[in-house]
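Just below is one structure, and these are the notes that go with it.
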Amino acid sequence: MALWGGRFKDAADPLFREVNDSLPFDYRLAREDIVGSMAWARALERAKVLTTDERRRLEAALADLLALVTDDPEEPIRDAGSDEDIHSWVERRLIAAVGDLGKKLHTGRSRNDQVATGLRLWTRGAIDARLAEVRSAQASLVRLARREQPAVLCGYTHLQRAQPLLFAHWCLAYVEMLERDAARLGDARRRVNVCPLGSAALAGTTFAVDRAALAADLGFDAPSANSLDATADRDFAIETLSALSTLAVHLSRLGEDLILYSSQEFGFVELHDSVSSGSSLMPQKKNPDALELLRGKAGRVIGAHVGLMVACKGLPLAYNKDLQEDKEPLFDAMDQASLCLRILARVADTLKLNRERLLNAARGGHTNATELADYLVSKGVPFRDAHDIVGRAVREAIGAGKRLDELPLDSLRKFSDRIGPDVAGWLTVESCLARREIPGGTGPRAVDAALAAAERRLGLA
Ligand code: ARG
């Protein structure tokens, strides 16, 4: 149903409709539009614009529509008719159900405050769903960490072997990142949860609507404070997309780590068959596609964020149709984030470690060189000199094709006579780890404490 035909002599060009219509994607706001409309009917009743009987009949018909779209969310696209957007669709179906009374519902309301309200309700629900998925992804990582304690992992900087870690420490690094992602989403939610209804097209409604009661009715924290702002800004969506982009970047990095670790070159982990795919040509292949898509989809989510910011940047106040472009990026980024979080949980739940390869890598690459320097410091050598001494010892070890801890004491002592037989105890992987019992460090007790704290936070303990 066209909501605005009166002023027009000629019919819309089909191509214009294709550009203009949003029903093909905003049908996803059907539930929120209906819920918002029910609350609007109650507000109009309180404002004495509708009688109680009228409000009841409207609300009953809207409840039927709500049940219909809950049961079959795609009903609005199948039954699109001439509706340009979900608001037109709901209004047409309402009028079909209750007759002329249905035409009263739009009193004092504009699609501008209506769509801003619907999208805020939708975003609030989507954030809550993502928060639950972040929690389960974290829980999967924590369970993986617990299962594999005390497996070691070679730690890298610049993708060069650096120092030994506990594998659980790696898991918990991502648990922390996800914790902040959840906090960012929760923080965005507070600013999402504001009610534009009553702002009308741009200047505020002329009817005596109790906006505070209306906001409370829809579970919003407050009514919006400025009608121009409420109908024209989409920073709540931009901010949500920003939080999703950061989340996607974290998931991408996790994906990249595991892509490397699952390659034959590293051979640290094996992905379960159920989350891997094969090659159509090379029969031997087992590819980490799920992880590559964690990495790849980040580009898409970031694109959604940047796209919406650019769409908004030059808009004069108040509403402009450009704002209709807010929905697809938000819907898509939410969908992709959801998929990524859920597949990450599956990957973590089924991941297998090759502890021997992990231990060998953690031992190799002279990852205990810092320990030797610390040892010299404990014998009174200034760190800068110790660094130089150990650098030369490493060069010798490389030449001899040995690890530092495999060099005989005599050859180590060529570099410093402060080195004694007690050095051996400093150079094992266990000692590298045990010397890092600092809060936030990779020492086994520190990691156990962090793991226990994460388990408590997630209700797993
Ligand atoms: N489909 C529109 C949107 O998504 C609804 C608002 C239309 N408002 C208007 N004044 N044309 O933004």
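In sequence order, what are the phi-derived ³J(HN,Hα) couplings for segment 214-220 according to the Karplus relation 6.51 cos²θ - 1.76 cosθ + 1.60 with θ = phi - 60°, rounded to whole Hz, with x for glycine and proline?
5, 4, 5, 4, 8, x, 7
Each label point is 7 Å from the Cα along the Cα-to-Cβ direction; what then is the distance between the points at ALA183 and THR107, in nm?
Roughly 4.9 nm, to one decimal.
For segment 271-332, list log₁₀ I(q)/I(0) at each q in 0.15, 0.18, 0.26 Å⁻¹, using the Debye formula over Cα point scatterers of equal strength and ignoring solvent, two decimals each.
Rounded to two decimals, the profile gives -0.62, -0.72, -1.03.
Would you tell me the accessible area of ASP53, worked out with a 1.4 angstrom probe on the heavy atoms of the protein chains, in Å² to the nearest 10?
Counting only protein heavy atoms, the figure is 80 Å².
Report the semi-axes of the equivalent ellipsoid for segment 277-405 in whole Å, largest first, where each axis is √(5λ) for an eigenvalue λ of the Cα gyration tensor. Please report the intermediate quantities before stating the final value.
Numbers: eigenvalues 509, 139, 33 Å².
Working from the Cα gyration tensor, I get semi-axes of 50, 26, 13 Å.
Quantify, in whole percent, the carbon and sulfur part of the accessible surface of the chain (1.4 Å probe; protein heavy atoms only).
Numbers: 11580 of 21600 Å².
Carbon plus sulfur share of accessible area: 54 percent.
Along the principal axes of its C-alpha atoms, what lengths does the chain span, in descending order and rounded to whole Å?
Extents along the principal axes: 99, 52, 43 Å.
Enter the accessible area per residue of segment 181-324 (Å², integer; probe 1.4 Å; all protein chains in place). If you can, show how the numbers build up before the last one.
On the way: 6700 Å² over 144 residues.
In whole numbers, segment 181-324 has 47 Å² accessible per residue.
Please list the non-local residues whose amide H lies under 5 Å from the amide H of GLY155, H modeled 1.01 Å from N, same-chain partners needing a gap of 5 or more.
Under 5 Å from the amide H of GLY155: ALA162, GLN163, LEU165.
Compute and list, largest first, the equivalent-ellipsoid semi-axes of segment 104-200 from the alpha carbon gyration tensor, each √(5λ) rounded to a whole angstrom.
Numbers: eigenvalues 417, 35, 12 Å².
They are 46, 13, 8 Å, listed largest first.
Can you pull the accessible area of SER22 for me, 1.4 Å probe, Å² to the nearest 10?
So the heavy atoms of SER22 present about 0 Å² to solvent.
Compute the angle between helix 369-378 and the longest alpha-carbon principal axis of the chain, please, reported from 0 to 90 degrees and rounded to the nearest 10.
Orientation of helix 369-378: about 60 degrees from the principal axis.
Which far-off residues, 5 or more places away or on another chain, put their amide H under 5 Å from the one on LEU353, with H placed in the peptide plane?
Correct list: GLU270.
Ignoring ligands and nucleic acids, what accessible area does MET177 show with a 1.4 Å probe (Å², nearest 10)?
Solvent-accessible area, nearest 10 Å²: 40 Å².
Which of the pairs LYS104/LYS313; LYS286/LYS327; LYS103/LYS321 have their Cα atoms more than 31 Å apart in this structure?
Values: LYS104/LYS313 36 Å; LYS286/LYS327 37 Å; LYS103/LYS321 24 Å.
Long pairs (Cα-Cα over 31 Å): LYS104/LYS313; LYS286/LYS327.
Which order, highest average first, do 286-297, 236-247 follow once you tally other Cβ atoms within 10 Å for each residue and take the mean per peptide? Could you put the intermediate results ahead of the total?
Working: 286-297: 19.3, 236-247: 23.9.
Descending mean neighbour count gives 236-247, 286-297.
Just to confirm a number: summing +1 for Lys and Arg and -1 for Asp and Glu over residues other than HIS305 whose beta-carbon lies under 15 angstrom from that of HIS305, what do you get?
-1
Cα centroids of segment 273-289 and segment 11-61: how far apart, whole angstrom?
49
The values are calculated or read from the model by the stated rules, or taken from the named source; none is laboratory data. Remember, predicted model here, so these are calculated numbers, not experimental data. Please note: Cβ atoms are built from the backbone with ideal geometry, for glycine as well, and neighbour counts cover all protein chains shown. These area figures cover heavy atoms from the full protein model, side chains too; ligands, DNA and RNA do not enter into them. Shrake-Rupley method; radii C 1.70, N 1.55, O 1.52, S 1.80 Å.
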